[in-house]
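Chemist: The structure follows.
The values are calculated or read from the model by the stated rules, or taken from the named source; none is laboratory data. The shown structure was predicted, so the numbers you read here are calculated from the model rather than taken from an experiment. Glycine gets a Cβ as well: all are built from the backbone with ideal geometry, and neighbour counts include every protein chain shown.
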Amino acid sequence: MGAPSLDLVADIGGTNARFALVDRAAATPTLHAQRTLPCAEFASLQHAAEHYLAAVGARPARAAIAVASPVTGDAIRLTNRAWSFSTAELRAALGLARLTILNDFAAVAWAVPALDGGDRETLHGDPAAPLAGPVSVLGPGTGLGVALLVGDAARGWQVVPTEGGHVTFAAIGDEERLVARWMDARHGRTSNERLLSGAGIAQIDAALAAGTDSPTLDQLKAPLRDPAAIVAAALDGHDAVARRTLARFCAVLGSVAGDCALLHGARTVIIAGGIVPRFIPFLRASAFRERFLAKGRFAALLEGVAVHVVTHPMPGLLGAAVALHREEPA
């Protein structure tokens, strides 16, 4: 694995740090030696990267690292993990000649044109139709990522990173207003990410279980259920609160996806992230589509927007490889 043509790519979220190697001489990026490391087990990104490189015996000269945070300069601070670093210092510490840092959902957006048909599942539209831009790319995980992909295959693609997950949540109906007030009491402000994330699932569940929009301090401080356990209970079908929670999550996702499509002028919406691929059949049967289209006079416009879910296990790594190859081809 120490061959000089191998580059390092990484996708660093709030929960997991994913790493792989890619051969820069290959015509299309292929991921090798993939590893997923729990962020909680490492003191810093540098620590996690050094652990990975030692494990695979690689000494790459170039790297592209996608991070769950804005990328505006040398200093990087992750949004949902207490890691921060200087790009220049990290490059020197890892012995790299070149280090590219990009937003994590910008990396996912770069991956979208490189996905095979088997790497996504279609919720609406023709699965065989060519990818049509602009493309809204969003997805719940530890947080809620949003990016915009513009262009086409003939002219080339461009990615616009955004922090769209942090716009203010717009509640629809009594149940969502209850959840929003619960979130406001906990956080002071409710963004879309507060609901459309792993932590959001747990907090929707707590709000619906309490059944009040005026929670007591004890209710607000009570332990939350594990999001994965909530999803499993909802899919099992015997836990009414868990099922309501997942249904509400899907409905809100539909609203936010429709909003992104209108904001971006999208012809395609891509849903990625680590959560949604676990329950695509439930999503199909939910109010997702109804809420996606519930935009008044513009419902007919959204009827023509294709919607796909990414099922590729590592789109952030793939996108980081695409971005690195595009920036500095072999």
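Chemist: Pairs needed: first member in segment 89-107, within 14 Å of Asp7 (Cβ to Cβ); second member anywhere, basic (Lys, Arg) and part of a loop (DSSP other than H, G, I, E, B); C-beta distance under 8 Å; at least 6 residues apart or different chains.
Modeler: Matching pairs, first to second residue: Gly95/Arg59.
Chemist: Another one. Scan segment 9-21 and give yes if some residue there is closer than 30 Å to Ser191 by Cβ, assigned to a loop (DSSP other than H, G, I, E, B), in contact with a Leu (Cβ under 9 Å, 6 or more places away or on another chain) and among the polar types (S, T, N, Q), otherwise no.
Modeler: no
Chemist: Another question about this same structure. Of all residues being among the charged types (D, E, K, R) and either modelled with pLDDT under 95 or within 22 Å of the chain's Cα centre (by Cα) (or both) in segment 222-243, which is surrounded by the most Cβ atoms within 10 Å (Cβ to Cβ)? Just the residue, please.
Modeler: Arg225
Chemist: If you don't mind, another one. I'm told Gln46 meets every condition in (1) among the polar types (S, T, N, Q); (2) in a loop (DSSP other than H, G, I, E, B); (3) modelled with pLDDT of 95 or more except one. Can you identify the failing condition by its number?
Modeler: Here Gln46 meets the rest and fails (2).
Chemist: Can you name the residue in segment 89-128 that is surrounded by 14 or more Cβ atoms within 10 Å (Cβ to Cβ), aliphatic (A, V, I, L, M) and in a loop (DSSP other than H, G, I, E, B) and is also nearest to the chain's Cα centre (by Cα) among such residues?
Modeler: My answer is Leu115.
Chemist: For Arg155, are the conditions met, namely being buried (at least 17 other Cβ atoms within 10 Å of the Cβ) and over 21 Å from Pro70 (Cβ atoms)? I'd like the intermediate steps shown before the answer.
Modeler: Numbers: buried (at least 17 other Cβ atoms within 10 Å of the Cβ): no; over 21 Å from Pro70 (Cβ atoms): yes.
Taking the combined requirement at face value, the residue does not satisfy it.
Chemist: Kindly provide the set of residues from segment 274-288 that are under 17 Å from Thr245 (Cβ atoms) and not in a helix (DSSP H, G or I), ordered by number.
Modeler: Residues satisfying the conditions are Ile275, Ser286, Ala287.
Chemist: Conditions first: (1) in a helix (DSSP H, G or I); (2) within 27 Å of Gly117 (Cα to Cα); (3) in contact (Cβ under 8 Å) with a residue 40 or more places away in the chain. Thr245 passes all but one, so which condition is the exception?
Modeler: Tallying (1) in a helix (DSSP H, G or I); (2) within 27 Å of Gly117 (Cα to Cα); (3) in contact (Cβ under 8 Å) with a residue 40 or more places away in the chain, Thr245 fails exactly one: (2).
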